[in-house]
1. Determine which residues of region A:102-130 fall in the zone a paramagnetic label at B:E175 would reach in this model, i.e. backbone nitrogen under 11 Å from the point 7 Å along Cα→Cβ.
2. Across peptide A:176-182, how many C-beta atoms of other chains are within 10 Å of each residue C-beta, on average?
3. Using the 7 Å Cα-to-Cβ label point, sort the distances from B:P39 to its equivalents in the other copies shortest first and give them in nm to one decimal.
4. What does the copy distance list look like for A:H76, label position 7 Å along Cα→Cβ, in nm and ordered from shortest?
5. For the Cα atoms of chain B, what angle does the longest principal axis make with the long axis of helix B:153-172, in degrees from 0 to 90, nearest 10?
6. For region A:1-72, restrict the atom set to alpha-carbon positions and state the Rg and Dmax in Å.
7. Which one, B:L173, B:L129, B:L36, has the greatest fluctuation when you compute a Gaussian network model over chain B with C-alpha springs under 10 angstrom?
8. Roughly how big is the protein assembly as shown's charge dipole about its Cα centre, with Cβ charges of +1 (Lys, Arg) and -1 (Asp, Glu), in debye to the nearest 20?
Protein chains: 2
Amino acid sequence: MSRNRYARDFIVDRATELAGRLGLSAISTGSVARELACPKSSVFHHFPHKHQLQLGVLEAVTRELARQVVHPALQHPPGLPRLDQLVSGWIAWDGNCDYAGGCLFIATATEFDDRPGPVRDHLVRLYQLWQHLLDSMVRAAVTRGELRPDTDRPQFIHDLHGILLAYHHTARLLEDPDARRRALTAYQSLVKRWTAIPPPRDAGSGVTAAPLAAER
Amino acid sequence: MSRNRYARDFIVDRATELAGRLGLSAISTGSVARELACPKSSVFHHFPHKHQLQLGVLEAVTRELARQVVHPALQHPPGLPRLDQLVSGWIAWDGNCDYAGGCLFIATATEFDDRPGPVRDHLVRLYQLWQHLLDSMVRAAVTRGELRPDTDRPQFIHDLHGILLAYHHTARLLEDPDARRRALTAYQSLVKRWTAIPPPRDAGSGVTAAPLAAER
């Protein structure tokens, strides 16, 4: 790794930690230089604009989300097994997040939802990617007969998003020890609402319901 | 109104507006004095500590929530009609919030969930009061036979909370025009999941299912 790249990563690393404590909007060339006890010009050299530093933080958190949540889920079979893994992985990630401020995406969403600019634009794109990822998993579950063909996919994704937000809130602010159980119960109910009814055993079609659909 | 009280309310009013734009943690004696273009000592006279100013903002927003959402709901019959009204009132309030930063409670929850102190403590108490209010409505719906006797009330409230959080997020950050419809659909599904099955018409018990339960 080049020295330049190393310095850049080091700055982003500390900025991410600072954003976790004080929110992404507290990140600026000045605040990060103070945190690093280095001249402002050293930070400025890598990040001439404050928003580049904030985007660097979002990119670093996105990489962690991919590494800790998305990639492990993709090791599981498509459809519900993969979605189950994504949901439980997300909950584990949010619950054990290194960043003191909890999952930075959620904090940043409410922080920047009314501040037009490159950070908000990037955040919207990230959320759209996340929705797209969830949609591909729900679609696979429909194709494989685990969820009903008439599953309202956007509604499913909206409801699942609410479950994850409620988990974050219940665990972080209210420190409710039941937060994880409640979130998983809500997720099971959501899946059950759209679960395909397995064909009768004597249908003789040769098609068997997916194991997860049968369990619910 | 005394002159002192008037000045105090004026300060809180501008601080609330500022908190909506920059977040509650941006509120301090200094930032509010700058906003008001007055000496710091004038703000300090009413709010010697920063957290008193922040608590003043939370109290002002709570009064608005009571005035715009809770009191109108209490005009409706107990049980589901009242809960329906609370939910649609909350959505309307959050959607049309005067505060640029959206419903300050949601923004503040993620902002302060990891910052111990009087603001976080107060916020937790407010959320517990809100949960208590929802619980009393759900309990009334159970008592009146609109919801099933085995309704898991804490789960119901958790799930409803997720629906409201998802609405806020979908409407504010993603600017999805379907946000309200999605939230109301999710709420209807939640109620349906726990709706009591009306007794058969020929049961002759003299007990009729509540109108709302029958509609769903």
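1. It comes to A:114-117, A:121, nothing else.
2. 2
3. 4.0
4. 3.7
5. 60
6. Cα radius of gyration and Dmax of region A:1-72 are 12.3, 40 Å respectively.
7. In this elastic network of chain B, the residue with the biggest mean-square fluctuation among B:L173, B:L129, B:L36 is B:L173.
8. It comes to approximately 440 debye.
The values are calculated or read from the model by the stated rules, or taken from the named source; none is laboratory data. If you're wondering where the values come from, they're calculated on a predicted model, not measured in any experiment. In this analysis, Cβ positions are derived from the backbone assuming ideal geometry, glycine residues included, and neighbour counts consider all displayed protein chains. The protein model used for the area step is the full one, side chains on, heavy atoms only, and it has no ligands, DNA or RNA in it. Shrake-Rupley method; radii C 1.70, N 1.55, O 1.52, S 1.80 Å.
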